[in-house]
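To start, the structure itself, in structure tokens.
The values are calculated or read from the model by the stated rules, or taken from the named source; none is laboratory data. What you are looking at is a predicted structure, and each value in this text was computed from that prediction instead of being measured. Virtual Cβ from ideal backbone geometry, glycine too; neighbours counted across all protein chains shown.
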Amino acid sequence: MTRPRSRWMRRVRHPWIFALMLAALVIFCIMLWLPTQYLLVDGSNDKQHHIGFFFGLTLLCWFSLRYHPAWQLCMLILFAVLSELSQHWVPHRHSSWDDLQANLTGIALAYVLLMLIKLGKRLVGKRS
């Protein structure tokens, strides 16, 4: 006999991708509160790290959750803004408009890729 799924678990499409997304968020939040001298990444390509992280987070969110894409986009933008604003209160860190722009660029690039994939599937479906 199977147990009925809880209400929030019905919103999860793929539990293992959801677990990856949660792990990425936890690692990001830990890195967000560390002073910059303790980070293991080089600061010279900081914007690429922002773009890459939010690109990957957007893909994980898209494939793991059953929310409407507009809700997912709102959640991702809110997280991007809050992650930059919270750095204002962390010692040895600073918030930056450039970092926020890189975060939003990563989200936008992922959505463009996902929409192109969706459009390609639709076009291939009409051909057959």
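Just one of the listed residues (ILE107, ILE51) is over 21 Å from ARG11 (Cβ atoms) and in contact with a Ser or Thr (Cβ under 8 Å, 6 or more places away or on another chain), and it is ILE51. Do we find that LEU22 is touching a residue at least 40 places away in the same chain (Cβ under 8 Å) and either assigned to a helix (DSSP H, G or I) or exposed (fewer than 14 other Cβ atoms within 10 Å of the Cβ) (or both) in this structure? No: the conditions fail for LEU22. Being closer than 21 Å to PRO15 by Cβ, more than 11 Å from the chain's Cα centre (by Cα), at pLDDT below 95 and basic (Lys, Arg) is a description that does not apply to ARG93. Within region 65-78, the set of residues being without any contact (Cβ under 8 Å) to a residue 40 or more places away in the chain and either polar (S, T, N, Q) or surrounded by 17 or more Cβ atoms within 10 Å (Cβ to Cβ) (or both) comprises GLN72, LEU73, LEU76.
Scanning region 82-112 for residues that are in a helix (DSSP H, G or I) and either surrounded by fewer than 11 Cβ atoms within 10 Å (Cβ to Cβ) or without any contact (Cβ under 8 Å) to a residue 12 or more places away in the chain (or both) yields LEU82, LEU85, HIS88, TRP89, TRP97, GLN101, ALA108, VAL112. If you go through region 25-40 and keep only what is surrounded by 11 or more Cβ atoms within 10 Å (Cβ to Cβ) and either more than 23 Å from HIS88 (Cβ to Cβ) or at pLDDT below 80 (or both), you end up with CYS29, MET31, LEU32, TRP33, LEU34, THR36, LEU39.
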